[in-house]
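Beneath this line is the structure, given in C-alpha cells, with notes to follow.
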Amino acid sequence: MTASKAADFSEWYQEVLIKSGFVDYTEVSGCLAFRPAAYGAWEIFSRAVDSEFKKDGIENVYFPMLIPEKFLSKEKEHVEGFAPEVAWVTGAGDTEFSERLAVRPTSETIMYPSYSKWIRSWRDLPMRYNQWNSVVRWEFKHPTPFIRSREFLWNEGHTVFASEEEAYRERDAVLGIYTRMLAEYLALPGIPGRKSEKEKFAGAVASFSVEHVMPDGWAIQGPDFHLDGQNFARAFEIQFLSKEGSKEYAWQNTYAVSTRELGVMVATHGDDKGLILPPKVAYVQIIVIPIYKKENREQVVGYAGRVLSKLKESFRAKIDDREGYSPGSKFSEWELRGVPLRIEIGERESSSESVTIACRDTGKREALQFEELERGCADALSLIQKRLYEKAEKHLKESIHEVHGYEQFKGVLSEKKGMLHAPWCGSTECEDRIKEETGAKITNIPFDQSRLGGVCILCGKKAVKMANFARSY
C-alpha cells in the first residue's frame, strides 16, 4: 500500500480493493470482476439476508433480465427516473429487433405484467416475492468500484398486499432485517429514516433508507424500502376481487440491498496495511503460517498441518506453506488481504504443542495451547467482529453534528464534514437552495425525531422535521 487512508481516501480506497485481490477491473468500464474474497463475502451476507426473508414469509423467484420497451414505458415517473441509465439490446446477429429490449435497471416492469395475471382475488394475497440478480445502470458519473458500479448485484423485493396498512407494516420488518444483518455480518451501523419527496424512488409514494457515513465524512445510501402505493398496480392492472366482492387495485412495496455494502465495509474497516474483513464474511478467517528452517521444516509443517485439520472443522482456514517467501512477506500479504486471524507456528510452537495468534485489527498476539485452539480462535474472531462494529458505530456517532443555524451549518460542514442533524421546514425550496449553496442534500429524515424543535435553518419558519444533511456519494 502506498496511499494513506487519512490523507487520500479516494486513492487509498481504489488501491486497497485491487492490491488486496478483492476485485479487479474488466474491459467493460464500470463493471467489476469479483474475486473469491469479494464474492464469498457477498454470498455469506446475501444468504443470511435471504434466510431472514424466508423466515418472514418472502419467497424467491426469477424473471428475465431483458425488458420490452413497451413495459418499461408503462409507469411515466418510473421510466423518467431511469431513462438516462438504461442500456438497450437492439438486435441479435444480423437481425434487428422490432422492439428494443432494456437490460434491467430494476424489475418492476418485467414482473408486474405477470403479477396482473396471477392475482385474481384477495385469496392470492399477500404475494411476497424476491429475486437475487444483477442490474445494469449506465451512469455517466465517474464509476467507482461498488460505490457507483454500472453493473451490481442485489436483491429485489416486490410484494403485493390487499391493503395499505398491510403494505406499510412490511416496512419495519424488512428494514429490521437489513439493519440487523448489516450489523451482525458486515459490522456496519446505519441511520434508518424516510427520504424527502425530492429524493424518493421514481414511482414510489414514499421511500425509506439506511444511511452510512464514509471515512471521508461523505454519506452514502445503504438498503432502501419503497412504499409504491397503487401507482404500479394502476399502470399494470394489478387488481383483485376483495372479500366484499368489489374490484380493487393492490398495494405494493419494493426494497433492495446491494453489493455497494461491500464497498462501505472495505472503506469503513480497512487501514493503511490493507483490508480488514469482518470474520463472519471473511473468505479466509484464519491463515496458518509455518515458520521454519531447512532442518526443522518437516516438524513445523507437519504440526501446522495438524493445526489446520483441527481448525477446518469449525472455521474457514488456510495454510501458507509456500517456499521462497519470507515469513514477513507472508504476514504483509495476508494483512493486505484482510484475513482476521493469523496463526504463527515455529519450532517453539511445534515443540510445545501451541500456536501464536495475531489479530488483524489490533495486531495483538497471544499464545494458545493446542487443546484450547478452537475455543481460543472462536473467542478471538468474536472479539474482532465486536470491535469492528463498535469502532464503526463510534465513527458514525461522532460524524453526526446537530446544528440550529445556517452559518453554523455551513461552518460545521466545511470543518467537520459528516451528517448535519438540522431542523427543516419541509419545503423543497429550502432543500434545493441548501444543496445548491453547500452541496449537502437531505440523506434521510431519521425515524428518531426526539430532538425536533426550533425553526428551519434556512428560512426561519417552524421546523416540522429534523433532517440529516450531508454531501453524498
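The values are calculated or read from the model by the stated rules, or taken from the named source; none is laboratory data. Note that the structure is a prediction, hence the values are computed from the model and not measured. Heads up, the Cβs are rebuilt from the backbone with ideal geometry, glycines too, and the neighbour counts pull from every protein chain shown.
Points worth noting:
- Of all residues in region 219-241, those satisfying the criterion of being surrounded by fewer than 22 Cβ atoms within 10 Å (Cβ to Cβ) and in a loop (DSSP other than H, G, I, E, B) are 230, 237.
- Boolean, residue 30 is in the same structural domain as residue 156 (by TED's automatic domain parsing), within 25 Å of residue 203 (Cβ to Cβ) and at pLDDT 95 or above: no
- Counted residues, region 127-155 - those being part of a strand (DSSP E or B) and touching a Phe, Trp or Tyr at 6+ places or on another chain (Cβ under 8 Å): 13
- Any chance residue 408 is surrounded by fewer than 20 Cβ atoms within 10 Å (Cβ to Cβ) and touching an Asp or Glu at 6+ places or on another chain (Cβ under 8 Å): no
- Meets criteria (in a helix (DSSP H, G or I) and assigned by TED's automatic domain parsing to the domain that holds residue 293) for residue 314: no
- Of the residues making up region 425-446, just one is β-branched (Val, Ile, Thr), surrounded by fewer than 19 Cβ atoms within 10 Å (Cβ to Cβ) and under 16 Å from residue 414 (Cβ atoms), namely 438.
- Residue within region 173-188 that is farther than 20 Å from residue 226 by Cβ and assigned to a loop (DSSP other than H, G, I, E, B) present: yes
- Looking only at region 366-398, residues that are touching a Ser or Thr at 6+ places or on another chain (Cβ under 6 Å) and without any contact (Cβ under 8 Å) to a residue 60 or more places away in the chain come to 2 in all.
- Among the residues of region 151-178, those that are within 30 Å of residue 31 (Cβ to Cβ) and of a type outside the set (D, E, K, R) comprise 152, 153, 154, 155, 157, 158, 159, 174, 175, 177, 178.
- Residue under evaluation residue 109, criteria (1) within 30 Å of residue 183 (Cα to Cα); (2) modelled with pLDDT of 90 or more; (3) in contact with a Lys or Arg (Cβ under 9 Å, 6 or more places away or on another chain), criterion not met: (1)
- Subset of region 198-216 that is assigned to a strand (DSSP E or B) and without any contact (Cβ under 8 Å) to a residue 60 or more places away in the chain - its residue that is nearest to residue 448 (Cα to Cα): 210
- Among the candidates 284, 266, residue that is part of a helix (DSSP H, G or I), modelled with pLDDT of 95 or more and closer than 30 Å to residue 311 by Cβ: 266
- Odd one out for residue 422 among (1) closer than 30 Å to residue 353 by Cα; (2) under 31 Å from the mean Cα position of the chain (by Cα): (1)
- Of all the residues in region 342-355, those that are surrounded by 17 or more Cβ atoms within 10 Å (Cβ to Cβ) and polar (S, T, N, Q) number 2.
- Every pair of residues 6+ apart whose Cβ atoms lie under 8 Å, when the first sits in region 449-467 and is surrounded by 15 or more Cβ atoms within 10 Å (Cβ to Cβ) while the second is of a type in the set (Val, Ile, Thr) and not in a strand (DSSP E or B): 457/403; 457/434; 458/434
- Qualifying residue in region 64-74 (condition: within 29 Å of residue 129 (Cα to Cα), in contact with a helix residue (DSSP H, G or I) (Cβ under 8 Å, 6 or more places away or on another chain) and hydroxyl-bearing (Ser, Thr, Tyr)): yes
- Against the conditions (1) closer than 30 Å to residue 128 by Cβ; (2) touching a residue at least 24 places away in the same chain (Cβ under 8 Å), residue 84 satisfies every one except (1).
- Selected residue (criterion: surrounded by the fewest Cβ atoms within 10 Å (Cβ to Cβ)) from residues of region 308-336 that are farther than 18 Å from residue 282 by Cβ and in contact (Cβ under 8 Å) with a residue 24 or more places away in the chain: 327
- Number of positions in region 319-354 that are of a type in the set (D, E, K, R) and assigned to a strand (DSSP E or B): 2
- Condition met for residue 416 (of a type in the set (D, E, K, R), exposed (fewer than 15 other Cβ atoms within 10 Å of the Cβ), under 30 Å from residue 9 (Cβ atoms) and in contact (Cβ under 8 Å) with a residue 60 or more places away in the chain): yes
- Of all residues in region 201-217 being modelled with pLDDT of 95 or more and buried (at least 21 other Cβ atoms within 10 Å of the Cβ), the one that is farthest from residue 159 (Cα to Cα): 214
- All positions within region 237-267 that are more than 27 Å from the chain's Cα centre (by Cα) and of a type in the set (Val, Ile, Thr): 238
- Taken across region 352-375, residues that are in contact with a helix residue (DSSP H, G or I) (Cβ under 7 Å, 6 or more places away or on another chain), at negative phi, at pLDDT below 95 and of a type in the set (S, T, N, Q) do not occur at all.
- Subset of region 107-121 [of a type in the set (A, V, I, L, M, F, W, C) and part of a helix (DSSP H, G or I)]: 110, 111, 118
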